[in-house]
Every structure is written in C-alpha cells, then in structure tokens.
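As structure tokens, the structure follows; a few thoughts come after it.
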Amino acid sequence: MSSDKIGTGSADSSVNYPPPRVDEAPVIPSQDYLPPQPGEVPVMPQQASKAPVKSGKPKKPFYKNWWIWVIAAWLLVCVVAIVIGSLTEGNSDSTDNNKAAVTHESTTTTVTPKKIAESDATESDATKVKSILAASSGQPAATVYKQLIGLGYNITFTHAVSKQDFTETVIDAINHPNAQTSNPWIVTDYSDLDVENKEVTLFVDTPENMDKSKAAEATKDALNKKLDLDEAWIAVDVYGQDKYPRGFKLSWNEILSEAPKNASTWSLKARCNVTDEFGATRKGVTCEAEVTGTTADPQVISFRVY
C-alpha cells in the first residue's frame, strides 16, 4: 500500500476491512469513525453487544397455582369446623343444664306420699325383724318362722351343732299336725340378716340336744378348772415323744376333738407324725389319748396312734 493513498484522508475504498464472518452481521462503521492517521494502526470498531435473551415460559402469578387454592380450602374448612364445634358445645352445655334442672324438678316432684309411706313401712319392717330376731333365742322355730314369713322373709334353717342345712326338715316339722310333740325345734341364734332382700338364717336344735349340750358344757367348764386343757395337750405331746424317741410331732392346727369323757378325764384326738424304731415315718396319722389328774400333775392313762 503506497503512502500517498494513506495520507489523502478520504474514506473511500482505499481502507480495506476484513470480510465479515458468516455467522455475524457485517461491521458498519459509525458516522463518528475517523480513518487512521499516518503511522497509526487501524482499529476496528466494536460490534454492539447483544442483550441476553431469556428462554422458557413466563412464570404464572402465585394465586394461579392449584395447590394454593387447595390449602386455602382446607384452612376454610378447619375454621368452619372450629366455629361449629364451639356453637355445638355451647348448646350441649345449655342442654345438659336444662336436663339437670328438669331432672332435679322431676326428682323433687316425684316424691309422693305413697312412696314416703312405703319407705316408712320398709324401715318399720326392718325394725320389727330385728326385734323378733333379738328375742328369738330359745323360742320355738315355728313361732319365729311364722313371724318372719308374715313380713315376707325367706328363712334358712341350719343345725346349731353340725352346721348342716336343715331347712326342709324343720319346715316339715312345723307343718306337721303334731309339731309341738313330734319334733319341737328351738332357735338358738341367727345370722346373715339381709333386710334389702329379706333373707335370714336361723340356727336350730332340739330341746334334748340342747340339754345334752348344756350338760356337756357345764362338765367341760368344771373339768377345765381342775385340769387345764392346754396342760393336758402338753402331757400328750411329752408322752408321745417318750414313746417314739425317733420322732413324734403333734399337728396343733389339726386337732380333731377335745371333750370331757367324764368329770375327771379329757378325751383328746389330733393328727401327728411318728417315726418308729425302724426309722419309718408315718405322717398325718391319728393320735388319741385320755388325760386325767390335775393341772399341776396331768397323767396320760390312754395313748394310741393309728
């Protein structure tokens, strides 16, 4: 390139520009562009930068999302339920108060003179029954039975000694035409009084048995004063240990009988464990003995184990 052409300063075709790239627009010099002066390196004008273009769909407003409306509906339902529950609870309390008031009124208004009379009659019957039972000991069973039956009571008869149920036997004797001479049962005591269900148990015995029991009790008391019962049992225990040196033990919680044989002798019977001279042990056998003498000097006059 000649210096004459460079120094002319004209903007003609003497200035060569690089050809544009295929993928970009050709560079067009701006109006303020000045050609290079002699000795300067030509500067290419910069291409204006392109603004970035955003890709994708534009965002929807938040209130157009379906899940927003689902949450809003759920919150609305909760609020409505709380309001309805509060109103219902208030109405329920009011209803309960009204019911209580009505119940109170009905309770106070349903007490009639008839019910008062029935209550008084029940208390009066209970008083009568207790009075009859308090005076029943020694009375004929037929007399007490008829008094209690008249008040609507169910009666169970129990033998005073054996403690067995004698209801059928006693009622048959009461209903017998010759009850006063054939089998005059006597009331000795009572128990299990149930005023509400009108039930009571009477203990009965015959005069003959009662006389025997009284005589035996008197004999027992007299003998016990002479020869203490506990000392008689101790004498039996000592005697058994002498007879069975290898082993003898009375079962104090299994006493079978302890009664006077006569006015001076105890007849005693209990379970025991013994070991004989061969070392054989028998458990739960019966030990029967008779003891006489005095408290200071008890004497075993009969002793056997079987």
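Values quoted throughout were computed directly from the atomic coordinates according to the rules given, and no laboratory measurement underlies them. These numbers were taken from a predicted model, which means no experiment stands behind them. Methodologically, a virtual Cβ is constructed for each residue, glycine included, from the backbone with ideal geometry; neighbour enumeration extends over all protein chains shown.
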Nearest-0.05 FRET efficiency for Glu196 and Ser264, computed from C-beta distance (R0 45 Å): 0.30
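Do the alpha carbons of any pairs in Lys226/Lys261; Lys225/Lys269; Lys130/Lys163; Lys212/Lys261 sit beyond 18 Å of each other, and which pairs?
On the way: Lys226/Lys261 14 Å; Lys225/Lys269 20 Å; Lys130/Lys163 23 Å; Lys212/Lys261 14 Å.
Going by Cα-Cα distance, Lys225/Lys269; Lys130/Lys163 fall outside the 18 Å limit.
If you rank His176, His159 by fewest surrounding Cβ atoms within 10 Å, what's the result?
Values: His176 13, His159 18.
Fewest-to-most ranking of His176, His159: His176, His159.
Under a Cβ-Cβ cut-off of 15 Å, what is the net charge of the residues other than Lys283 that fall near it, where Lys and Arg count +1 and Asp and Glu count -1?
Numbers: positive: Arg246, Lys249, Arg271, Arg282; negative: Glu254, Asp276.
Counting the neighbours of Lys283, the net charge comes to +2.
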Three semi-axes of the equivalent ellipsoid, the stretch 196-306, Cα gyration tensor, whole Å, largest first: 33, 20, 11
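Excluding Ile155 itself, what net charge comes from residues whose Cβ is under 13 Å from its Cβ, given Lys and Arg +1 and Asp and Glu -1?
On the way: positive: Lys146, Lys198; negative: Asp165, Glu168, Asp192, Asp194, Glu199.
In short, -3.
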Length added when fully stretched, Thr281-His176, from 0.36 nm per residue minus Cα-Cα: 32.2 nm
